[in-house]
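Below is one structure; the comments refer to it alone.
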Amino acid sequence: MGGRRRAALVCLVVALLGISQFPAGAAEKPLVLKVFSQLATTPTLADPSVIVMDEKTGEVVFESNSNSPRKPASVIKLVSAAAAYTYLSPADSYTTSLWVGIDSQSVVIQGSLDPWISYDHKVAVKMSRTSLERIEYNALSKIKELNSGSTKDAVIYYSDLYSQDVTHIKKFLASRAPSITVKRLTAQQALNKSSEYILGSTSPTLEKIVDWTLVWSDNLLAERVARLASLAAGNTLDDAGVAKTFKALLTEMKIDTKNLVVKDASGLSKQNRMTAKQVAQLLFLIYHDPKFAPLVEGLPVGGVSGTLQNRFLETAPEAVGLVRAKTGTLNGTTNLAGFVESGENHYIFVVIADRHSKSYTVTKKVRATVDRILGKIATPLLPVLVPLTPSSDSVTVTN
């Protein structure tokens, strides 16, 4: 049965029987304090940085080392996504097209800094991405077609491509047509040098790109989306610009940026530093701002989707579907930050364990420990049926 049909059926049952939402064993703050105190002192996690906040009020329910600057790993992608939704439009899309030049010895690639571009044609077709390989093959084919098979003195002009894209084009040509020159132009110059359209491709919306970035923790997309946000914010298209953009964004949100260190936007750098409190405050603010709703909804769901699809299933099955969070993993670092449902109570949590032993066995133990702790407070908001009494001809709903 499809999701919409199931939802319709539930609504029908609710209407007929009279159902009120009831917090079935919602975890109260003393329990949250108790279980996260256990987590913070678990030897396997090696003195982690932890904070838990009330999702509605922002009240800190528990914290340990929450102001300690730690390695965020991929948790920093939350800032990348927030920057994208602040400085760019969720409806933005990016087009890359190939054109015959104004002379027969050139072709022009008009780019738009498409973060969704792929270097593997099969992957591009499967995921509806722009295929750089397709553009490369067609560019070379068109040059040969226009010049009786010769590539002598030919030029491929391009605008608004990432440096990795250009490197890929040069590598492609090196073994096939080393005489072809690759030259950069401004967008207007590229437009002026274009005469006949050959092919093109447009990315999905930025919202879908960011969603994929968070669900699957895509490092390259996180870097490129953050650079686009940096450019839109008036900063440079590099790590320095991203660092400046992230700091300005958090400052604008009134989040203290003391101890914030940004070396990249993906979290791969072990030099990045954030505090658990900074992450928690960011999560609180984006949760309460409708502009960031797609970001919150795009986070992986425990036991259901993305990087959390295999979590909780065995370690804490009671938490499946009730945790929505961003993972962060490096060698010796295992983090999780997001939201957990506990009946009518919802909590924001951040766990940064970046000092544990560098082994996969320990990483698995850390994940399992965090899962089980969340399982102790995760509780669905269950419906309660209110039966009709013989003397009543209407449905009574209790709260």
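The values are calculated or read from the model by the stated rules, or taken from the named source; none is laboratory data. Note that the structure is a prediction, hence the values are computed from the model and not measured. Note: ideal-geometry Cβ built from the backbone for every residue, glycine included; neighbour counts use all protein chains shown. For accessibility, only protein heavy atoms count, side chains too; no ligands or nucleic acids. Shrake-Rupley method; radii C 1.70, N 1.55, O 1.52, S 1.80 Å.
For the stretch 225-331, which chymotrypsin sites (Phe, Trp or Tyr not before Pro) pass both filters: DSSP loop (anything but H, G, I, E, B) and at most 13 other C-beta atoms within 10 Å? Could you put the intermediate results ahead of the total?
Working: sites: 246, 284, 287, 292, 312; in loops: 312.
Listed in order of number, the matching sites amount to none.
The Cα trace of the chain gives Rg and Dmax of 25.6, 94 Å, the first to one decimal, the second as a whole number.
Please return the longest stretch of the chain lacking exposed loop sites, where GluC sites (Glu not before Pro) count only if DSSP places them in a loop and at most 16 other Cβ atoms lie within 10 Å. Please list the in-between numbers first.
Working: sites that count: 28, 59, 314, 344.
Maximal segment without exposed cleavage sites: 60-313.
Considering only Cα-Cα distances, which of the following residue pairs are longer than 24 Å: 77/270; 56/326; 34/71; 122/291; 208/326? Violating the 24 Å Cα-Cα cut-off are 34/71; 122/291.
With r as the distance between the Cβ atoms of residue 208 and residue 37 and R0 = 35 Å, compute the FRET efficiency 1/(1 + (r/R0)^6) and round to 0.05. Don't skip to the end; give the middle numbers.
Details: r = 40 Å, r/R0 = 1.15.
The computed FRET efficiency comes out at 0.30.
Give me the percent of accessible area attributable to carbon and sulfur for the chain, probe 1.4 angstrom. Mind showing how you got there, number by number?
Working: 9950 of 18590 Å².
Of the solvent-accessible surface of the chain, carbon and sulfur hold 54 percent.
Partner lysines whose Cα lies under 26 Å from the Cα of residue 183, excluding those fewer than 8 positions away in the same chain, are identified as 142, 144, 152, 170, 171, 193.
Contact order, relative form, for the chain: 26 percent (alpha carbon pairs under 8 Å, 6 or more residues apart, mean separation divided by residue count).
Which loop-located trypsin sites (Lys or Arg not before Pro) does the stretch 76-158 contain, where loop means any DSSP state but H, G, I, E or B and the Cβ has at most 14 other Cβ atoms within 10 Å? List each step's numbers first, then the result.
Details: sites: 77, 122, 126, 129, 134, 142, 144, 152; in loops: 129, 152.
Here the trypsin sites (Lys or Arg not before Pro) that fit, given the DSSP loop and packing criteria, are 152.
Evaluated at 10 °C with a viscosity of 1.306 mPa s, what Stokes-Einstein diffusion coefficient in µm²/s does the stretch 195-337 have when Rh comes from the Kirkwood expression over alpha-carbon pairs? D, rounded to a whole number, is 95 µm²/s. Among the DSSP helices (H) of the chain, those spanning at least 24 angstrom by Cα along their long axis with an average Kyte-Doolittle hydropathy of -1.0 or more are 360-377; this is a geometric and hydropathy rule only.
Relative to one another, the C-alpha centroids of the stretch 79-95 and the stretch 210-263 are positioned 11 Å apart.
May I ask you to give the solvent-accessible area per residue for the stretch 76-217, in square angstrom, as obtained with a 1.4 angstrom probe? Write out the running numbers ahead of the final one.
Values: 6530 Å² over 142 residues.
In whole numbers, the stretch 76-217 has 46 Å² accessible per residue.
Comparing 78, 206, 220 in a Gaussian network model of the chain (Cα springs below 10 Å), the most mobile by mean-square fluctuation is 220.
Taking amide H as placed 1.01 Å from N in the peptide plane, residue 181 has its amide H under 5 Å from the amide H of 154, 155, 156, each at least 5 places away in sequence or on another chain.
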